[in-house]
Amino acid sequence: MPNTLFRNVCLLDLSREDGVSAPCDLRVRDGRIAEIGADLAVGSDEALIEGHGDLLMPGLINGHFHSSVNHMKGRLPGLPLEIFMLYECPELDILRPTPREAYLRTMLGCIEMLENGTTAVQDDCFFVPEPEPDIIDAVMQAYVDSGIRARVALDQPEVAELEKLPYLGDLVPPDLKAELSKRSGSTAEDLLALYDHLISKWHGQAAGRVQAAVSCSAPQRVTPEYFRSLDELSRKHDLPFYVHILETRLQRVFGNERLGGRSLVRYTADLGLLSERMNIIHAIWVDDDDLDLIAASGAQIAHNPNSNLRLGSGIMPFRAIRDRGIPICLGVDEAIADDAINMWSVMKTAGMIHSLTATDFAHWPQAKEVLEAATTGGGRAMRVAGLGTLETGAPADLILLSLDSLTFLPLNNLPRQLVHCENGRSVRLTMVAGEVVAKDGHALRIDRKAIMAEARSLFQSRSKALADASAAMDDRLAYYRQMYLQAMEQDVGMERRVPAFR
Ligand SMILES: [Zn+2]
């Protein structure tokens, strides 16, 4: 493990009014921040990185992501989630990847993240048509090889499509109803065996840089028994537990129709499964009771504002969540619903979208709150001690940004310019666990040019399969659309979308 001394750097310091420290030196040893001070001597076993007064800050943490669709940027127009998912991930055999395909698509995301200053990712990885050990291995190997820090879960529903959605069963013709009533290809037993594989083979690999997490996708997409088993697994190994909850209005309607009027948060709480390990993803259509339950449990919320706009899901109640002290992390969600894998753009949207939700501008997010969510908030969600901070002993997941770039010319207010002006172009260097893994916009650990050429040709050859899979879903569209419109007409006692203009 190389040791490093950063000389003459300014540190991001959100406790200060201007958000930045005086120039100093920072020592990295054994993958962690070892010492911060003035005029530190460079050790004989240390590489010297001259900072020239530039900004050293924690790497950004992509708190919620699905690498499974890294090759599908821009493939779909804006669509509501329920219709989007119909086309995004049909469980068709023609979409089954080879291990190499899974490796390459995962690596594309790693390259993009590392080069723009994202040092860690929580991958809620789903598998089409179902997870298999060699595909899981390919995904994990890409994370190991790339040098990024990753938590990876297997996001796989195990109930039938009709159990996940309201109304649809009454709308579809009998033959389609029979098809949509079939259980998913993977049983709870299969999935738990695959978790055994994931955890025993990969959890803690690359000196702890690559770890497992658990995921049920969403409460309505699994049986209560499997949901409980995952919680036990999460507790046993101290793993984050990823759960999409109340992303859409239709999911609020689901609670009214299927859960006796309980919300999916209340349903999860009634099962006793809300916990501080839980990452509640989206939390848009939540009410005060839901937020009180989440706050009491210690769970955190993963906010994905670009995806929420791309799919028209709605706006998360940022201030109500912050006021309750619920920690927030930020995420891209996925490369088919953002469609960049760029946390700077996520931060910018998070910094702006909530301005539409309150007349009193005192409630609008401050740049420092947004930066905190993308750094310490992500570290907390990942359950990695110190991650996202510059404290001594914290993992050395750091990015060095040129303060000479146009982003900071002139430097007026560092936190605001990081959130509203930066897009990744100022990132000079990306370090993960003490190792420089990207420099001057290039990932260093892999043959970037060869990987990109191979990926380009492979995904070109797969485009017909993607088009065929989409076409195979076309005859379902009318029913899904009807279901969606029916749900949108229901009064759910709250609004999270901008009302139609008048
Ligand atoms: Zn998601």
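The values are calculated or read from the model by the stated rules, or taken from the named source; none is laboratory data. Only a predicted model underlies this, so the values are computations on that prediction, with no experimental measurement involved. Ideal geometry is used to build each Cβ from the backbone, glycine not excepted, and the neighbour counts take in all protein chains shown. Surface areas here come from the heavy atoms of the whole protein model, side chains and all, with no ligands, DNA or RNA. Shrake-Rupley method; radii C 1.70, N 1.55, O 1.52, S 1.80 Å.
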Magnitude of the Cβ-charge dipole (Lys and Arg +1, Asp and Glu -1) of the chain about the Cα centre, nearest 20 debye, reported as 560 debye
Tell me, what is the per residue accessible area of the chain in Å², probe radius 1.4 Å? 38 Å²
A correct Karplus calculation of ³J(HN,Hα) over the stretch 50-56, with 6.51 cos²θ - 1.76 cosθ + 1.60, θ = phi - 60°, whole Hz and x for Gly and Pro, returns 7, x, 6, x, 6, 8, 10
Of all DSSP beta bridges located in the chain, what percent are antiparallel, nearest 5? 40 percent
Alpha carbon centroid spacing (whole Å) that separates the stretch 97-113 from the stretch 387-421: 28 Å
In Å², nearest 10: area of Tyr484 left accessible to a 1.4 Å probe: 40 Å²
Sorted by mean Cβ packing within 10 Å, highest first, what order do the peptides 469-475, 50-56 take? 50-56, 469-475
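List the pairs from Lys73/Lys449; Lys73/Lys464; Lys348/Lys368; Lys73/Lys439; Lys201/Lys236 whose alpha-carbon separation is above 22 Å, in the order I gave them.
Over 22 Å Cα-Cα: Lys73/Lys439.
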Run through the DSSP bridge list for the stretch 16-144 and note the antiparallel percent, rounded to the nearest 5. 55 percent
Cleavage-rule hits (trypsin sites (Lys or Arg not before Pro)) in the stretch 312-399: DSSP loop, at most 16 neighbouring Cβ within 10 angstrom: Arg324
Could you work out what % of the accessible surface of the stretch 58-402 is carbon and sulfur, using a 1.4 angstrom probe and leaving DNA, RNA and ligands out of the count? 50 percent
Carbon and sulfur atoms: what percent of the 1.4 Å accessible area of the stretch 421-502 do they account for? 50 percent
Taking placed amide H atoms and a strict 5 Å upper bound, the residues 5 or more places from His64 or on another chain that come that close are Gln122, Gly331, Val332, Asp333
In whole angstrom, the spacing between the Cα centers of the stretch 1-62 and the stretch 277-339 equals 32 Å
